[in-house]
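Read through the structure below, which is laid out as structure tokens, and then see the notes.
The values are calculated or read from the model by the stated rules, or taken from the named source; none is laboratory data. All figures in this text were calculated on a predicted structure; none of them were measured in a lab. No Cβ is skipped: glycine too gets one built from the backbone with ideal geometry, and neighbour counts run over all protein chains shown. For the accessible areas, the whole protein counts, side chains as well, though only heavy atoms, and no ligand, DNA or RNA atoms are used. Shrake-Rupley method; radii C 1.70, N 1.55, O 1.52, S 1.80 Å.
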Amino acid sequence: MFTGIVEELGEVVATERLADAARLTIRGPLVTSDAGHGDSIAVNGVCLTVVDVIGGDSFTVDVMQETLNRSSVGKLDTGSKVNLERAAALNSRLGGHLVQGHVDGTGTVLSRTPSENWDVVRISLPDAIARYVVEKGSITVDGISLTVSGLGVADEPAEADSRDWFEVSLIPTTLALTNLGFATVGTTVNLEVDVIAKYVERLQQRG
């Protein structure tokens, strides 16, 4: 379980493509400082398990085909910047919201509107998860807990399965310390909706 408060902007330093999986080596001195085999670290919002710790500042993870298919992790390459967060401790403050690290789908950055003190970023919202997203609700974008500042439906959808879009407003801290600070139009991002909404829907379906 995570909170969506990014601890460190790390970097992919090595990739190994396997037949139905991938192995990544990621540099992140802070999150690696107390990491060990079997620990969970969210990489761009994807909960991954530490396989090895290397040199005290890097760790390796194995990524199965299911994760590659459902997230943007398969597009990472050497040099990619990634948002990193260690699993939440029960005695710490919940600064964001409850995040599982289980990606529900991916979206595409449609536009960026900069202002003097923040940027508004518009992202496509897949039809399969659009019903879980509400204005002023929480959503996780590449592992970052954000508040939905706007919702809408595209007149001409850029993607066949994403008629809806949502917007998030990024403060200077988010711009400086996460990869959304430099994500360009067309960038694919991982999305995780609020799990409470999914549980409520399931309970209603079961009567």
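Quick notes on this one:
- Candidate set from the range 97-116 (those that are part of a loop (DSSP other than H, G, I, E, B) and open to solvent by less than 30 Å² (accessible area, probe 1.4 Å)); member that is farthest from I41 (Cα to Cα): H97
- The range 145-180 - residue that is free of Cβ contacts under 8 Å to residues at least 24 places away in the same chain and in a helix (DSSP H, G or I) and, of those, farthest from Y132 (Cα to Cα): A176
- Boolean, V53 is more than 23 Å from D194 (Cβ to Cβ), over 18 Å from the mean Cα position of the chain (by Cα) and surrounded by 15 or more Cβ atoms within 10 Å (Cβ to Cβ): yes
Residue by residue, here is whether (1) of a type in the set (G, A, S); (2) open to solvent by 50 Å² or more (accessible area, probe 1.4 Å); (3) within 22 Å of A197 (Cα to Cα); (4) not assigned by the TED database to the domain that holds L24 holds:
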| position | (1), (2), (3), (4) |
| --- | --- |
| D62 | no, yes, no, no |
| S80 | yes, no, no, no |
| S124 | yes, no, yes, yes |
| V134 | no, yes, yes, yes |
| S138 | yes, no, yes, yes |
| S145 | yes, no, yes, yes |
| G152 | yes, no, yes, yes |
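Residue-wise test of (1) modelled with pLDDT under 95; (2) touching a His at 6+ places or on another chain (Cβ under 6 Å); (3) among the hydrophobic types (A, V, I, L, M, F, W, C).
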{"position": "P126", "(1), (2), (3)": "no, no, no"}
{"position": "I129", "(1), (2), (3)": "no, no, yes"}
{"position": "I139", "(1), (2), (3)": "no, no, yes"}
{"position": "G143", "(1), (2), (3)": "no, no, no"}
{"position": "V148", "(1), (2), (3)": "no, no, yes"}
{"position": "L151", "(1), (2), (3)": "no, no, yes"}
{"position": "A154", "(1), (2), (3)": "yes, no, yes"}
{"position": "A158", "(1), (2), (3)": "yes, no, yes"}
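- Count - residues of the range 21-50 that are touching a residue at least 60 places away in the same chain (Cβ under 8 Å) and buried (at least 19 other Cβ atoms within 10 Å of the Cβ): 5
- Test: T184 is touching a residue at least 60 places away in the same chain (Cβ under 8 Å) and open to solvent by less than 70 Å² (accessible area, probe 1.4 Å): no
- Qualifying residue in the range 160-183 (condition: modelled with pLDDT under 90, within 14 Å of G107 (Cα to Cα) and not assigned by the TED database to the domain that holds L30): yes
- Conditions (1) within 13 Å of N44 (Cα to Cα); (2) surrounded by 13 or more Cβ atoms within 10 Å (Cβ to Cβ): number failed by K75: (2)
- Criterion violated by D194 - all others in (1) under 18 Å from T113 (Cβ atoms); (2) open to solvent by less than 70 Å² (accessible area, probe 1.4 Å); (3) in contact (Cβ under 8 Å) with a residue 40 or more places away in the chain satisfied: (1)
- In the range 99-115, the residues that are among the charged types (D, E, K, R) reach residues that are outside any loop (DSSP other than H, G, I, E, B) and open to solvent by less than 20 Å² (accessible area, probe 1.4 Å) with C-beta atoms within less than 8 angstrom, at least six apart or across chains, in these pairs: D104/L191; D104/E192; D104/V193; R112/V121.
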